[in-house]
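The values are calculated or read from the model by the stated rules, or taken from the named source; none is laboratory data. Keep in mind that what you see is a predicted model, and the values were worked out from it rather than measured. With ligands, DNA and RNA removed, areas are computed over all heavy atoms of the protein, side chains included. Shrake-Rupley method; radii C 1.70, N 1.55, O 1.52, S 1.80 Å.
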Amino acid sequence: MLNFLNPPSAPPPFSRYSQMVSAQANFRWLHISGQVGCDRQHKTAQGFAAQAELAWSNLIACLEADGMTVQDLVKVNVILTRGEDVPASRIARDKALAGAQPASTLIVVSSLASPEWLIEVEAIAARAA
(Lines give C-alpha, C1' and ligand atoms only; values in the text may rest on other atoms or scores of the structure.)
Protein backbone atom coordinates (compact mmCIF):
# COMPACT_ATOMS: atom_id res chain seq x y z
CA MET A 1 0.00 0.00 0.00
CA LEU A 2 1.19 3.51 -0.79
CA ASN A 3 0.73 6.09 1.96
CA PHE A 4 0.24 9.67 0.71
CA LEU A 5 1.09 12.08 3.50
CA ASN A 6 1.07 15.80 4.25
CA PRO A 7 2.56 16.07 7.74
CA PRO A 8 1.31 18.97 9.87
CA SER A 9 4.93 19.95 10.59
CA ALA A 10 5.58 20.78 6.89
CA PRO A 11 3.91 23.47 4.77
CA PRO A 12 0.80 22.27 2.94
CA PRO A 13 1.17 21.58 -0.81
CA PHE A 14 0.84 24.53 -3.20
CA SER A 15 -1.46 22.51 -5.46
CA ARG A 16 -2.70 18.91 -5.81
CA TYR A 17 0.19 16.69 -4.69
CA SER A 18 1.48 15.04 -1.54
CA GLN A 19 4.50 16.19 0.45
CA MET A 20 5.64 12.59 0.81
CA VAL A 21 4.71 9.06 -0.18
CA SER A 22 5.88 5.88 1.51
CA ALA A 23 5.67 2.33 0.21
CA GLN A 24 5.61 -0.85 2.23
CA ALA A 25 8.12 -3.67 1.78
CA ASN A 26 7.84 -5.97 -1.24
CA PHE A 27 6.80 -3.32 -3.75
CA ARG A 28 7.72 -3.49 -7.44
CA TRP A 29 9.23 -0.17 -8.59
CA LEU A 30 9.03 1.47 -12.01
CA HIS A 31 11.23 4.43 -13.01
CA ILE A 32 9.93 6.26 -16.09
CA SER A 33 12.29 8.36 -18.20
CA GLY A 34 11.32 11.90 -19.13
CA GLN A 35 8.39 12.00 -21.54
CA VAL A 36 7.92 14.96 -23.87
CA GLY A 37 5.13 16.26 -26.08
CA CYS A 38 5.88 14.26 -29.20
CA ASP A 39 4.14 11.35 -30.90
CA ARG A 40 5.50 7.92 -31.83
CA GLN A 41 7.02 9.38 -35.02
CA HIS A 42 8.86 12.00 -32.89
CA LYS A 43 6.65 14.82 -34.22
CA THR A 44 6.43 17.53 -31.56
CA ALA A 45 2.95 18.90 -30.82
CA GLN A 46 2.39 22.61 -31.39
CA GLY A 47 1.84 24.81 -28.32
CA PHE A 48 2.23 24.19 -24.63
CA ALA A 49 -1.23 22.69 -23.94
CA ALA A 50 -0.86 20.12 -26.73
CA GLN A 51 2.68 19.20 -25.64
CA ALA A 52 1.63 18.86 -22.00
CA GLU A 53 -1.31 16.62 -22.87
CA LEU A 54 0.91 14.41 -25.04
CA ALA A 55 3.75 14.26 -22.48
CA TRP A 56 1.33 13.09 -19.77
CA SER A 57 -0.32 10.66 -22.21
CA ASN A 58 3.10 9.19 -23.01
CA LEU A 59 3.87 8.82 -19.30
CA ILE A 60 0.54 7.08 -18.67
CA ALA A 61 1.25 4.75 -21.62
CA CYS A 62 4.50 3.74 -19.90
CA LEU A 63 2.64 3.05 -16.66
CA GLU A 64 0.00 0.97 -18.42
CA ALA A 65 2.66 -1.01 -20.33
CA ASP A 66 3.84 -2.30 -16.94
CA GLY A 67 0.34 -2.92 -15.58
CA MET A 68 0.21 0.24 -13.45
CA THR A 69 -2.05 3.29 -13.28
CA VAL A 70 -1.69 6.88 -12.09
CA GLN A 71 -2.76 5.66 -8.65
CA ASP A 72 0.61 3.84 -8.46
CA LEU A 73 2.65 7.02 -8.96
CA VAL A 74 4.94 7.81 -6.06
CA LYS A 75 6.78 10.84 -7.49
CA VAL A 76 6.57 13.01 -10.61
CA ASN A 77 9.00 15.63 -11.81
CA VAL A 78 7.71 18.22 -14.27
CA ILE A 79 10.27 20.28 -16.13
CA LEU A 80 9.18 23.39 -18.03
CA THR A 81 11.09 25.85 -20.17
CA ARG A 82 8.81 28.83 -19.49
CA GLY A 83 7.61 30.02 -16.11
CA GLU A 84 4.41 31.41 -17.59
CA ASP A 85 3.32 27.82 -18.36
CA VAL A 86 3.11 26.84 -14.67
CA PRO A 87 -0.69 27.39 -14.38
CA ALA A 88 -1.38 25.46 -17.61
CA SER A 89 1.01 22.73 -16.46
CA ARG A 90 -0.91 22.28 -13.22
CA ILE A 91 -4.17 22.00 -15.15
CA ALA A 92 -2.70 19.36 -17.50
CA ARG A 93 -1.20 17.43 -14.56
CA ASP A 94 -4.46 17.44 -12.60
CA LYS A 95 -6.40 16.26 -15.64
CA ALA A 96 -3.94 13.45 -16.39
CA LEU A 97 -3.63 12.31 -12.78
CA ALA A 98 -7.41 12.16 -12.26
CA GLY A 99 -7.22 12.78 -8.52
CA ALA A 100 -3.95 10.94 -7.82
CA GLN A 101 -1.64 13.02 -5.62
CA PRO A 102 1.94 11.71 -5.87
CA ALA A 103 4.86 13.67 -4.48
CA SER A 104 5.77 16.27 -7.09
CA THR A 105 8.52 18.67 -8.10
CA LEU A 106 8.14 21.43 -10.71
CA ILE A 107 11.30 22.86 -12.25
CA VAL A 108 11.74 25.68 -14.78
CA VAL A 109 14.90 25.45 -16.90
CA SER A 110 16.27 27.42 -19.84
CA SER A 111 16.03 24.52 -22.30
CA LEU A 112 15.37 20.83 -22.74
CA ALA A 113 17.24 18.42 -25.07
CA SER A 114 15.36 19.82 -28.08
CA PRO A 115 14.67 23.56 -28.22
CA GLU A 116 11.10 22.95 -29.44
CA TRP A 117 10.15 20.98 -26.33
CA LEU A 118 8.33 23.01 -23.66
CA ILE A 119 7.67 20.27 -21.08
CA GLU A 120 9.17 16.99 -19.89
CA VAL A 121 7.60 14.70 -17.28
CA GLU A 122 9.32 11.84 -15.47
CA ALA A 123 8.01 9.61 -12.72
CA ILE A 124 8.53 6.82 -10.23
CA ALA A 125 5.71 4.36 -9.54
CA ALA A 126 5.32 1.41 -7.19
CA ARG A 127 2.86 -1.44 -6.86
CA ALA A 128 2.64 -4.36 -4.45
CA ALA A 129 4.63 -7.29 -5.83
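What percentage of the solvent-accessible surface of segment 33-129, computed with a 1.4 Å probe over protein heavy atoms, is contributed by carbon and sulfur atoms?
C and S fraction of accessible area: 53 percent.
Distance between the C-alpha centers of segment 5-43 and segment 63-82? Whole Å please.
Centre-to-centre (Cα) distance: 6 Å.
Sum -39500 (n - 2.57) across every DSSP H segment of at least 4 residues in the chain, then divide by the residue count to get the 222 nm mean residue ellipticity, nearest 500.
Mean residue ellipticity, 222 nm, calculated: -7500 deg cm²/dmol.
Taking 8 Å as the Cα distance limit and 6 or more residues as the minimum spacing, I'd like the relative contact order of the chain as a percentage.
Rounded, it is 37 percent for the chain.
Can you give me the accessible area per residue for the chain, using a 1.4 Å probe, in Å²?
55 Å²
Can you give me the orientation-averaged projected area of the convex hull built on the Cα atoms of segment 40-120, in nm²?
With every direction weighted equally, the projected area is 5.3 nm².
Report, in degrees rounded to the nearest 10, the 0 to 90 angle that the Cα long axis of helix 48-65 makes with the longest principal axis of the chain.
Between helix and principal axis, roughly 50 degrees.
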